[in-house]
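S.K.: Before we start, here is the structure in question, set down as structure tokens.
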Amino acid sequence: MVTDLPLIFKNLGIAGLDLVAIPFFLIAVLTYLNRNTKQHLAGGFGMISQLYLGFIGIFLHELSHLLTAIFFGHRIVAFRLLKRPHPDQPGVTGDSDMTLGYVNHTWNRRNWYQTMGNLFIGIAPIFGCALALFGLTALLLPGVCHGLLTLMADPFNLDWSGFGQPVGANWWRWLLMIVLSLNISIGGFDLSNADFANSKIGVISFIMAVTAVTVLLTMANAATGYLRAITALAIWLVLMLGYALVISLLTNLVVRLILRR
């Protein structure tokens, strides 16, 4: 058993950066940008414009909530993966029905696994939409996908050579990728206040689990593969969510420019 405290704290730092700091920073920025874009769209073109411009993202957003809730053993009460808003009708809370989709679920508060699951259910759309972007990249821009996989293969010794060829893809592939990415980004990467509130319930359990796993693997001198895997995941998230961030920023700027005319 290894009891090297500096090594334990170093590995905890890597795990905290890869699994907590990086994901939540990207989630916060993406949510702010896309929420702001939605507010401008609703103010300038009406609430329904969010549905037209982000229906794929909305569907993926709610589907991610649904599948993750099922995975963590929650009981699904009701769900709609896509719906029109009805401002003139009361919603579940009694306020105006402004939702574009929903997943209502319950869980056993005495069950540690189900409680921790709330964290992943709340942020599931970020990962679900990132997976969708990755799938589109593999389908439309295989060269870019190859470069990404090359980076992930050795996360502690980044090899950027795999990105040398992808720009030569057909123009229509890039156009389709951008259009679909825009729709997914507008509708999918905006976590609601309810999503964040739901995630908070499981944060402490998740941090405790990460800490325990990291410390135990470090003490057993078996943390190398674990750290390599979570760092590869962090690289994947940075690249996919970084791309979504660029698309979201450009969309926000374009919407602002159009509304100023």
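None of the figures in this text is laboratory data; all of them are computed from the coordinates on show. This one's a predicted model, so the numbers in the text were calculated from it and none came from an experiment. All Cβ positions, glycine included, derive from the backbone under ideal geometry; neighbour counts span all protein chains shown.
S.K.: Give the lysines whose C-alpha is closer than 18 Å to that of LYS38, dropping any in the same chain fewer than 8 places away, or say none.
M.R.: Leaving aside lysines fewer than 8 places away in the same chain, those within reach of LYS38 are LYS83.
S.K.: So which lysines can LYS10 reach, going by Cα to Cα under 29 Å and dropping same-chain residues fewer than 8 places off?
M.R.: In chain and number order, the partners are LYS200.
S.K.: Relative to the compact globular guide of 2.2 N^0.38 Å, what is the alpha carbon radius of gyration of region 184-228, as a ratio?
M.R.: Against the empirical 2.2 N^0.38 Å value, I get 1.70 for region 184-228.
S.K.: Which FRET efficiency, nearest 0.05, do ARG173 and LEU257 yield, Cβ-Cβ r, R0 30 Å? Please report the intermediate quantities before stating the final value.
M.R.: Details: r = 27 Å, r/R0 = 0.88.
Computed FRET efficiency for ARG173 and LEU257 comes out at 0.70.
S.K.: Suppose R0 equals 35 Å. What FRET efficiency, 1/(1 + (r/R0)^6) with r the Cβ-Cβ distance, do ALA153 and LEU82 give to the nearest 0.05?
M.R.: 0.40
S.K.: If you take the alpha carbon radius of gyration of the chain and divide it by 2.2 N^0.38 Å, what ratio comes out, to two decimals? Don't skip to the end; give the middle numbers.
M.R.: On the way: Rg = 20.1 Å, N = 261, 2.2 N^0.38 = 18.2 Å.
Compared with the compact-globule rule of thumb, the chain sits at 1.10.
S.K.: What full-extension length gain, to one decimal in nm, is calculated for ALA42 and TYR113 as 0.36 nm per residue of separation minus the Cα-Cα distance?
M.R.: 21.8 nm
S.K.: Could I ask something else about it? Quick one, could you list the DSSP H helices from the chain stretching 27 Å or more along their long axis (Cα atoms) with average Kyte-Doolittle hydropathy of 0.5 or above?
M.R.: Span-like helices, by this rule, are 22-45, 48-71, 112-140, 193-219, 224-260.
S.K.: Counting other beta carbons within 10 Å of each Cβ, put HIS105, HIS146 in order, fewest first.
M.R.: By the 10 Å Cβ count, ascending, the order reads HIS146, HIS105.
S.K.: Order of VAL103, VAL246 from fewest to most other C-beta atoms within 10 Å?
M.R.: VAL246, VAL103
S.K.: OK, next. Roughly how many debye, to the nearest 20, is the charge dipole of the chain about its Cα centre, given +1 on each Lys and Arg Cβ, -1 on each Asp and Glu Cβ, and no other charges?
M.R.: For the chain, the charge dipole is close to 440 debye.
S.K.: Name the residue from LEU17, SER248, GLY54 whose Cα lies farthest towards the positive end of the charge dipole of the chain, charges +1 on Cβ of Lys and Arg and -1 on Cβ of Asp and Glu.
M.R.: Farthest along the dipole direction, towards plus: GLY54.
S.K.: In addition: Extension gain ASP4-ASN221, at 0.36 nm per residue separation less the Cα-Cα distance, in nm?
M.R.: Taking ASP4 through ASN221 to full extension adds about 77.1 nm, to one decimal.
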